[in-house]
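Engineer: This is the structure, below, for whatever I ask next.
The values are calculated or read from the model by the stated rules, or taken from the named source; none is laboratory data. The shown structure was predicted, so the numbers you read here are calculated from the model rather than taken from an experiment. Because the Cβ atoms are built from the backbone with ideal geometry, glycine has one as well, and the counts that use them run over all protein chains shown.
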């Protein structure tokens, strides 16, 4: 199972073909995609047209769902943010800290195109999804 960041979903829904959206296509066909509540929120809040909102909400509801943030994640997220800041990487969005930390803590690979996740890969063991990652699982 993989988690897919909002950055990839936005490209996917806008019909942009990227290496990440191609991987997402394959993962969806193989029923290998989960979504977190925070990612779902980020996607849905950006949809302006009601019909598209309803269609997207229904489509994403079919995926395995995770609750990503709770009391137990607060300290882990804070520790990861502080650790990366000490390494010289300040993550721009707290949502990315939550998403990356959730994936690390739950041994989930993350498909992303947002550069803010790279320090999590380099320093904290976040697994980045690639085509070869999907083939291994």
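Engineer: Restricting to helices (runs of 4 or more DSSP H) lying wholly in the stretch 1-114: which have 1 or more residues that are surrounded by fewer than 15 Cβ atoms within 10 Å (Cβ to Cβ)? First the steps, then the outcome.
Structural biologist: Numbers: elements: 6-13, 19-29, 37-45, 50-61, 71-86, 94-105.
By residue number, 19-29, 37-45, 50-61, 71-86, 94-105.
Engineer: Oh, and also: Out of the stretch 29-55, which residues are without any contact (Cβ under 8 Å) to a residue 60 or more places away in the chain and closer than 23 Å to residue 98 by Cα? Full working, then the answer.
Structural biologist: So in the stretch 29-55, the residues without any contact (Cβ under 8 Å) to a residue 60 or more places away in the chain come out as 29, 31, 33, 35, 37, 40-55.
33, 35, 37, 40, 41, 42, 43, 44, 45, 46, 47 - these are the residues of the stretch 29-55 that are without any contact (Cβ under 8 Å) to a residue 60 or more places away in the chain and closer than 23 Å to residue 98 by Cα.
Engineer: Taking into account only those residues within the stretch 119-137 that are part of a helix (DSSP H, G or I) and modelled with pLDDT of 95 or more, which is nearest to residue 25 (Cα to Cα)?
Structural biologist: Checking each candidate, the answer is 121.
Engineer: Hey, among 73, 68, which residue is without any contact (Cβ under 8 Å) to a residue 60 or more places away in the chain, closer than 21 Å to residue 127 by Cα and over 15 Å from the mean Cα position of the chain (by Cα)?
Structural biologist: Working: 68 fails: over 15 Å from the mean Cα position of the chain (by Cα).
Only one candidate qualifies: 73.
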